[in-house]
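Visitor: One structure coming up, written as structure tokens, with questions to follow.
The values are calculated or read from the model by the stated rules, or taken from the named source; none is laboratory data. Every value quoted in this text rests on a predicted model; they were computed, and no experiment measured them. These accessible areas exclude ligands, DNA and RNA; they are computed on the full protein's heavy atoms, side chains included. Shrake-Rupley method; radii C 1.70, N 1.55, O 1.52, S 1.80 Å.
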Amino acid sequence: EQIEQMVARAVIAQSAAEVASKAVLATAKSQAEAAGAVEATLRGASEAASEAAARAASEAVRVESEHTKAMLQKQASAALEHLGEVKSEAGEHTRLASELAECRAALSAARRAAEQS
């Protein structure tokens with residue numbers, strides 16, 4: 001009877017060990033699946049972050065390009081305005097030079113007239 005009890009205990013212990021082993025395997029499998037899901041999620045997040053970074057870099061280049069373009073347009077506008085002012089001053093100088101030439105010619109004519117009289 002003691003042997004039967006020992007055999008029964010051994011069978012119960014073996015059954016318990018098998019149940020525990022199956023539970024450990026199921027837990028390990030579940031954890032592996034969860035780890036795989038986490039890895040896939042992280043991979044997806046990494047790809048999304050990379051794409052977002054590329055879009056942000058592209059947008060930064062576009063914005064910088066627009067900023068540079070606007071700045072160059074302002075500089076060109078200021079240069080054209082300055083050129084207009086220079087042309088206006090040059091026109092005034094040309095007009096004054098022409099008047100000065102007329103005055104000199106009139107003065108020369110007046111001197112000649114004075115010398116003849």
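Here is a yes/no grid of residues against (1) polar (S, T, N, Q); (2) open to solvent by less than 70 Å² (accessible area, probe 1.4 Å):
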position	(1), (2)
Leu42	no, no
Ala52	no, yes
Ala56	no, yes
Ala70	no, yes
Gly91	no, yes
Leu100	no, no
Ser108	yes, yes
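Visitor: Going by the structure shown, is Ala114 modelled with pLDDT of 90 or more and not β-branched (Val, Ile, Thr)?
Guide: No.
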